[in-house]
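I have a structure I would like to understand better, so I am pasting it below and will then ask my questions one at a time.
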Amino acid sequence: MSRQMGDSHRRFLQTMMANGIIDEQGAKSLYHHCCETHNTQHAPDKLDDFIETINSKLQPLFMQIRKGMSEDNGHQYYALVIMAETEVTRMSLDYADNELELFRKTMDLIVGSENGKASSTDILNISDTLTTKKLKKSETEHLLNRLVHDKWLNEKRGEYTFSTRCIMEMEPYIRTVYQDQVKVCHICHNVAFQCQMCENPLCGIKIHNPCVARYFKGRTEPRCPACDDFWPHEIPEVRQPHSQSRR
Ligand SMILES: [Zn+2]
Ligand SMILES: [Zn+2]
């Protein structure tokens, strides 16, 4: 296998830089499109090798195209991530100090919650406690819209969660800052925020909602894979990938 980066690789990378994150279907068609445009060989099952070649050139720049799962729908995504453990590297270019402080405090709320969510009411309340410079209610609402637009947060019915991009890009930072507060999914071993938790206080393992759906599919009496206690939560449906989802 060739490790030489060609025009098709460069085109793929440029699109990743412009988008930040792309779902698996999107990545496959982009791979196809790039190979076609530059008349290079295209093998549908070789996307990960193609990306490996790009990553070998990105490594000295502390960047990487990483594959990860959406906590919302369980689909696979590819994101261009910066691998610095320093805080919020890329964001600091786009946001003011008090905006970053509000984002960090929102992260505190999400990580500290049991279900990986923070309500808009709770976030509006902390905008009063900022030490850098307080944000007005309208400014906070505007900022939250921007954070959703820039794909750092997702919003559903007034509740905010980490976006797939945020988790993939911020994982080293989140693990460094929150340490023991962060739990990994018992099934896929990635960090887990939106998830279900075993209610046995001696166990307390977490499982992502899509991983719950896949793991318990077809089992009549769901039991915790770690302690064998009854799993008391509602088991979500397995959701099939479709090419329209972008987040
Ligand atoms: Zn999982
Ligand atoms: Zn358990």
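FYI, it's all coordinate maths here, none of it is from the lab. Nothing here was measured: the structure is a model prediction, and the numbers come from that model. Positions of Cβ are generated from backbone atoms using ideal geometry, with glycine treated the same way; all protein chains shown enter the neighbour counts.
Can you tell me which lysines have their Cα less than 27 Å from the Cα of residue 156? Leave out same-chain residues fewer than eight positions away.
Reachable lysines: 67, 105, 117, 134, 136, 137, 183, 206, 217.
Using only the Cα atoms of segment 91-179, each taken as one equal point scatterer with no solvent, compute I(q) by the Debye sum, divide by I(0), and report log10 of the ratio at q = 0.16, 0.20, 0.25 Å⁻¹.
Taking Cα atoms of segment 91-179 as identical point scatterers yields -0.58, -0.95, -1.54.
Here is a follow-up. With a cut-off of 8 Å between alpha carbons and a minimum separation of six or more residues, what is the relative contact order of the chain in percent?
Working: 325 pairs, mean separation 43.9, N = 247.
About 18 percent, as a whole number.
Taking 0.36 nm per residue of separation and subtracting the Cα-Cα distance, what length does fully extending residue 4 through residue 33 add?
Length difference between fully extended and current span is 8.6 nm.
Further question: Work out how much length residue 121 to residue 52 would gain on full extension: take 0.36 nm times their residue separation and subtract the Cα-Cα distance, in nm to one decimal.
Length gained, residue 121 through residue 52: 20.5 nm.
With +1 on the Cβ of every Lys and Arg and -1 on the Cβ of every Asp and Glu, and nothing else charged, how large is the dipole of segment 7-82 about its Cα centre, in debye rounded to the nearest 20?
280
A follow-up question, please. Under 20 Å between alpha carbons, and skipping anything fewer than 8 positions from residue 46 in its own chain: which aspartates and glutamates qualify?
Correct list for residue 46: 7, 23, 24, 36.
Restricted to Cα positions, what overall size does segment 7-82 have along the principal axes? Three whole-Å values, descending.
Largest first, segment 7-82 extends 37, 28, 20 Å along its Cα principal axes.
Identify the residues of segment 132-166 with backbone N under 20 Å of a label point that sits 7 angstrom from the Cα of residue 178 along the Cα-to-Cβ direction, or state none.
So the set is 144-145, 147-166.
May I pose another question? What is the spin-label model distance, in nm, from residue 129 to residue 228 if the labels are put 7 Å beyond Cα along the C-beta direction?
Using points 7 Å along Cα→Cβ, the separation is 4.3 nm.
Determine, for 9, 142, the number of other Cβ atoms within 10 Å of each Cβ, and report the residues in order from fewest to most. Let's see the in-between values first.
On the way: 9 20, 142 13.
Going from sparsest to densest Cβ surroundings: 142, 9.
Suppose we keep just the alpha-carbon trace of the chain; what are its Rg and Dmax in angstrom?
According to the Cα coordinates of the chain, Rg and Dmax are 19.8, 58 Å.
Still on this model: Return the whole-Å distance between the Cα centroid of segment 114-189 and the Cα centroid of segment 201-228.
Cα centroid of segment 114-189 versus Cα centroid of segment 201-228: 26 Å apart.
Could you state, as a whole-number percent, how many of the C-alpha pairs of segment 184-235 are farther apart than 18 Å?
In whole percent, the long-distance tail amounts to 19.
Once R0 is set to 45 Å, what does the formula 1/(1 + (r/R0)^6) return for the Cβ-Cβ distance between residue 148 and residue 43, expressed as a FRET efficiency to the nearest 0.05? Display every interim value, and only then the final one.
Numbers: r = 37 Å, r/R0 = 0.82.
Plugging the Cβ-Cβ distance into 1/(1 + (r/R0)^6) gives 0.75.
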